[in-house]
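The values are calculated or read from the model by the stated rules, or taken from the named source; none is laboratory data. Please read these numbers as outputs of a predicted model, since none were measured by experiment. As a convention, Cβ positions derive from the backbone with ideal geometry for all residues, glycine included, and neighbour counts pool all protein chains shown.
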Amino acid sequence: MTFCEYRPGLEGIPATQSSISFVDGQRGILEYRGINIEELAQHSTFLETSYLLIYGSLPSQEELAEFEHEIRFHRRLKYRIRDMMKCFPESGHPMDALQACAAALGLFYSRRALDNPDYIRAAVVRLLAKIPTMVAAFQMMRKGNDPIQPRDDLDYAANFLYMLNEQEPDPLAARIFDICLTLHAEHTINASTFSAMVTASTLTDPYAVIASAVGTLAGPLHGGANEEVIEMLEEIGSIENVEPYLESCIQRKAKIMGFGHRVYKVKDPRATILQELAEQLFEKFGRDHYYDIAITLEKAVEERLGHKGIYPNVDFYSGLVYRKMGIPTDLFTPVFAIARVAGWLAHWKEQLNENRIFRPTQIYTGMRGTPYVPIEKRQSEQDQQLLNLVTG
Ligand code: CMC
């Protein structure tokens with residue numbers, strides 16, 4: 001066995017073999033099962049893309065109709081889940097609510113019949129169907145309202161926007177939202193997918209797998225960045241302030257949210273598509289003043305940091321799209337999770353096909369053979385510092 005050098009963050013170290021998605025970070029290419037993301041954004045739907053990711057090929061008409069039908073049928077939440085959600089504090093972050101709800105599903109379906117294809121199918125369908133309902137229900141409840149029941153006559157994206165706003169969405173907004181879900185559905189071995197795979201490798205239930213991935217996605221260096229982008233644009237406030245803001249970030253070595261990527265060293269192809277979608281929305285519903293700040297910032301970052309491969313990532317323009325749709329800022333990451341469930345489930349299934357529990361190694365840097373000191377003989381750090389001062 002050969003040992004690799006230690007790479008913080010496992011950068012560049014393959015953690016698995018996978019046939020789900022492919023990224024070329026130098027040329028800005030992303031493919032799901034070999035199909036280019038631009039083509040999927042243009043021609044596919046989120047549910048068709050989910051099927052592609054999870055089952056390996058595009059569905060026939062009958063397969064897609066059946067998949068969509070099953071998902072429509074399972075959109076509702078059990079009243080016990082809704083009751084549990086009523087106890088959540090309104091001020092809590094929706095990602096924490098979502099993680100708790102995803103884990104709670106396991107209480108109802110915890111058989112762990114991982115060798116039974118029907119169990120696998122039911123888990124796939126339930127998770128894809130119920131996660132959007134959970135996100136929308138939390139949003140309604142924290143405003144003091146009852147959750148809106150899903151509508152069977154609306155497709156996946158339109159139904160989510162309807163449950164969120166109690167209003168049938170504009171068809172352009174619904175189609176654009178569906179494309180956003182497709183763009184966020186999968187992205188090789190990122191932090192949350194890795195988390196899902198590690199959890200899956202223990203052969204626990206799929207609800208625990210998704211709950212652990214949701215928890216990982218929530219961080220500001222991962223899915224949480226889309227929320228922080230809007231906060232940053234608000235803080236910048238005007239086009240004139242872009243340069244001073246950027247200068248201050250560079251001086252402080254602070255990260256500019258929505259920029260940079262471990263894999264992409266050019267503009268993320270999803271950011272390019274999202275920017276086009278934002279422009280379509282602005283054309284129909286009016287321009288957002290933060291968009292002008294965003295494009296000025298993109299240009300300034302490219303000039304100052306382009307040589308380091310720092311360009312907009314998927315999170316830079318997605319927030320502007322969601323904002324125009326009236327989605328609250330703290331729901332941006334839950335919306336990311338709604339989409340990414342498809343990728344997590346695809347990796348869960350792939351992991352089960354050739355499972356070996358993840359158990360990496362470490363390089364130990366601590367002490368060895370340290371004697372146990374009884375508590376009455378221990379010195380606090382303060383005592384030790386004083387002693388050092390006295391003894392010089
Ligand atoms: N702003 C300014 N400088 C940056 C940025 C940024 N956003 N990202 C990376 N750099 C610089 C960094 O300072 C370092 O410079 P130097 O070599 O001079 O010290 C160099 O680029 C390498 O940075 P790193 O932090 O070692 O790169 P990484 O691969 O560990 O980090 C990242 C990738 C996404 C965590 C990071 O770019 C970042 O924190 N970006 C801001 C947060 C963000 O937008 N996250 C969303 C990521 S994409 C979607 C997702 O995963 O959910």
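Name the residues in segment 263-282 that are among the hydrophobic types (A, V, I, L, M, F, W, C) and assigned to a loop (DSSP other than H, G, I, E, B), would you? Break it down stepwise before answering.
To start, the set of residues in segment 263-282 that are among the hydrophobic types (A, V, I, L, M, F, W, C) comprises 263, 266, 271, 273-274, 277-278, 281-282.
Of everything in segment 263-282, those that are among the hydrophobic types (A, V, I, L, M, F, W, C) and assigned to a loop (DSSP other than H, G, I, E, B) turn out to be 263, 266.
Results for (1) more than 12 Å from the ligand (Cβ to nearest atom); (2) of a type outside the set (D, E, K, R); (3) assigned by TED's automatic domain parsing to the domain that holds residue 170; (4) touching a strand residue (DSSP E or B) at 6+ places or on another chain (Cβ under 7 Å), shown as yes or no for each residue.
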{"site": "306", "(1), (2), (3), (4)": "no, yes, no, no"}
{"site": "311", "(1), (2), (3), (4)": "no, yes, no, yes"}
{"site": "318", "(1), (2), (3), (4)": "no, yes, no, no"}
{"site": "336", "(1), (2), (3), (4)": "no, yes, yes, no"}
{"site": "340", "(1), (2), (3), (4)": "no, no, yes, no"}
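Tell me, please, whether a residue that is within 16 Å of the ligand (Cβ to nearest atom) and in contact with a His (Cβ under 9 Å, 6 or more places away or on another chain) can be found in segment 346-362.
Quick first cut of segment 346-362, residues within 16 Å of the ligand (Cβ to nearest atom) only: 347.
Retained after the next criterion (residues that are in contact with a His (Cβ under 9 Å, 6 or more places away or on another chain)): none.
No, segment 346-362 contains no residue that is within 16 Å of the ligand (Cβ to nearest atom) and in contact with a His (Cβ under 9 Å, 6 or more places away or on another chain).
Search segment 1-42 for residues being modelled with pLDDT under 95 and outside any loop (DSSP other than H, G, I, E, B), and hand back the single one that is farthest from residue 189 (Cα to Cα).
The qualifying residue farthest from residue 189 (Cα to Cα) is 8.
Looking at 162, 207, 156, can you tell me which residue is out of contact with any helix residue (DSSP H, G or I) (no Cβ under 7 Å at 6 or more places or on another chain), modelled with pLDDT of 95 or more and assigned by TED's automatic domain parsing to the domain that holds residue 79? I'd like the intermediate steps shown before the answer.
Values: 207 fails: out of contact with any helix residue (DSSP H, G or I) (no Cβ under 7 Å at 6 or more places or on another chain); 156 fails: out of contact with any helix residue (DSSP H, G or I) (no Cβ under 7 Å at 6 or more places or on another chain).
None of the others qualify; the one that does is 162.
For residue 219, state whether it is at pLDDT below 95 and either within 18 Å of residue 314 (Cβ to Cβ) or touching a helix residue (DSSP H, G or I) at 6+ places or on another chain (Cβ under 9 Å) (or both).
Numbers: at pLDDT below 95: yes; either within 18 Å of residue 314 (Cβ to Cβ) or touching a helix residue (DSSP H, G or I) at 6+ places or on another chain (Cβ under 9 Å) (or both): yes.
Judged against the criteria, residue 219 is a match.
Take residue 115 and decide whether it is of a type in the set (Asp, Glu), in a loop (DSSP other than H, G, I, E, B) and in contact (Cβ under 8 Å) with a residue 24 or more places away in the chain.
Details: of a type in the set (Asp, Glu): yes; in a loop (DSSP other than H, G, I, E, B): yes; in contact (Cβ under 8 Å) with a residue 24 or more places away in the chain: no.
Answer is no for this residue.
Output yes when any residue across segment 142-154 is within 23 Å of the chain's Cα centre (by Cα) and free of Cβ contacts under 8 Å to residues at least 40 places away in the same chain, and no when none is.
Checked against the condition, which is being within 23 Å of the chain's Cα centre (by Cα) and free of Cβ contacts under 8 Å to residues at least 40 places away in the same chain, segment 142-154 yields no hits at all.
Taking segment 263-304 as the region of interest, how many residues are within 16 Å of the ligand (Cβ to nearest atom) and over 17 Å from residue 231 (Cα atoms)?
19
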